[in-house]
Structures are given as C-alpha cells and as structure tokens.
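Below is one structure, written out as structure tokens; the observations come after it.
The values are calculated or read from the model by the stated rules, or taken from the named source; none is laboratory data. Note that the coordinates shown come from a computational prediction; the quantities given were computed from them, not determined experimentally. Backbone-built Cβ (ideal geometry, glycine too); neighbour counts: all protein chains shown. We work out accessible area using only protein heavy atoms, side chains counted, and drop any ligands, DNA or RNA first. Shrake-Rupley method; radii C 1.70, N 1.55, O 1.52, S 1.80 Å.
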Amino acid sequence: MSLFKVFDIAGSGVSAQSRRLNTVASNLANAESAASSEADVYRAKQVVFQTVLQGKQKDEAAVKVAGVVEDTSAPRKVYDPKHPMAGEDGYVVYPNVNAVEEMVNMISASRSYQNNLEVMNTTKSLLLKTLQLGQ
C-alpha cells in the first residue's frame, strides 16, 4: 500500500468522526428541550458507519457515514401541569437523550478524530524524511 493511500483512509476517518461529533453536539444541545406531545419531541440521533473497500484488489478499507438514524426508545415524561409545555394530561415530554452516554460518545469520537490526524501527521513526517534522504 502506498503511503499516499494513508491520507485517503485517515481522511475518511476524520470526516466520519467529525459527523459523529456534530451529531453528539446536536443531541446534547436538545437534551433538555421540552414538548407537549411525543410526536413533537426531539429524538436522539446516532451515526452509522460503513466500511468501504478501495483499491484494485479491494485490500484497502476506508470508512464512510452510511446514515444517521433516530433512537427509537421512548421519550422521558415528567408530570408537571404548571409547565407551559405540559400537555392536556399534565405531562411534559423530554427527549430520549442520555447526557452521560452522549458525553462518552463525544470523548470516543474526539479521540478517534485525534488518532486519525496523528496518523496523517506521522505519514507526512515520514514522507518528508524520505525526501530529505535524497539531498
């Protein structure tokens, strides 16, 4: 495998993890939004990754985002009839976002993003040192 292919592979990882970080940020931003019905409430979203085989012999793999899916678990209901967003039954509906899980997901995505950047920087350094050997 050519060292130049490393940039394609690590770049696909950076792009995918960036999408994952944006999705986590959206989930955390909407974690405490309220609605009066389950139909109107924000649903947590998760990024789904897919392996893409590259190269003539299909011996090189990269990653891409296959899609973003909504979490199908039930939203959280809190009885608070005085809340302005309370429904007719007195319940306020909150998203099915678990802040602790989202923070763990954010740390994981951030570290994966950093690792892919480190691979790219190391490859760049190796290529520069290879060029300097000819001087």
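From the C-alpha gyration tensor of the stretch 44-107, pull out the three semi-axes of the equivalent ellipsoid (sqrt of 5λ each), sorted largest to smallest, in whole Å.
Largest first, the stretch 44-107 gives 42, 12, 7 Å.
Please give the length that would be gained between residue 88 and residue 135 if that part of the chain were fully extended, namely 0.36 nm times their separation in residues minus their C-alpha to C-alpha distance (nm, one decimal).
So the chain would gain 9.0 nm between residue 88 and residue 135.
Would you calculate the separation in nanometres between label points at residue 26 and residue 99, each defined as 7 Å from the Cα along the Cα-to-beta-carbon direction?
Label-label distance for residue 26 and residue 99, simple model: 2.1 nm.
So how strong a dipole does the chain carry about its Cα centre when Lys and Arg Cβ are +1 and Asp and Glu Cβ are -1, to the nearest 20 debye?
Dipole size: approximately 800 debye.
Per residue, how much accessible area does the chain show when a 1.4 Å probe rolls over the protein heavy atoms, in square angstrom?
Heavy-atom accessible area per residue stands at 66 Å².
Hand me the tally of lysine pairs in the chain: alpha carbons under 30 angstrom apart, and the pair either on different chains or 8 or more positions apart.
The result is 14.
Hey, what angle do you get for helix 99-133 against the long axis of the chain, alpha-carbon based, 0 to 90 degrees rounded to 10?
Once rounded, one gets 10 degrees.
What are the ³J(HN,Hα) values, in whole Hz, obtained from phi via the Karplus relation 6.51 cos²θ - 1.76 cosθ + 1.60 with θ = phi - 60°, for each residue of the stretch 66-77 in sequence order, with x given for Gly and Pro?
6, x, 10, 10, 8, 6, 8, 5, 5, x, 8, 10
Given contacts defined as C-alpha pairs under 8 Å and at least six residues apart, what's the relative contact order of the chain, whole-number percent?
Worked out over the chain, it gives 33 percent.
Can you grab the distance from the C-alpha centre of the stretch 8-64 to the C-alpha centre of the stretch 79-122, Å, no decimals?
13
Once both axes come from the Cα atoms, what is the angle between helix 3-29 and the longest principal axis of the chain, in degrees from 0 to 90, rounded to 10?
Between helix and principal axis, roughly 10 degrees.
With a 1.4 Å probe and every protein chain kept in, tell me what percent of the accessible surface of the chain is carbon plus sulfur.
Looking at the chain in its full context, I get 54 percent from C and S.
Determine the calculated [θ] at 222 nm for the chain from helices alone, applying -39500 (n - 2.57) to every DSSP H run no shorter than 4 residues and normalising by the residue count; nearest 500 deg cm²/dmol.
-16500 deg cm²/dmol
Subtract the Cα-Cα distance of residue 117 and residue 71 from 0.36 nm times their separation in residues, and report this length gain in nm to one decimal.
13.6 nm
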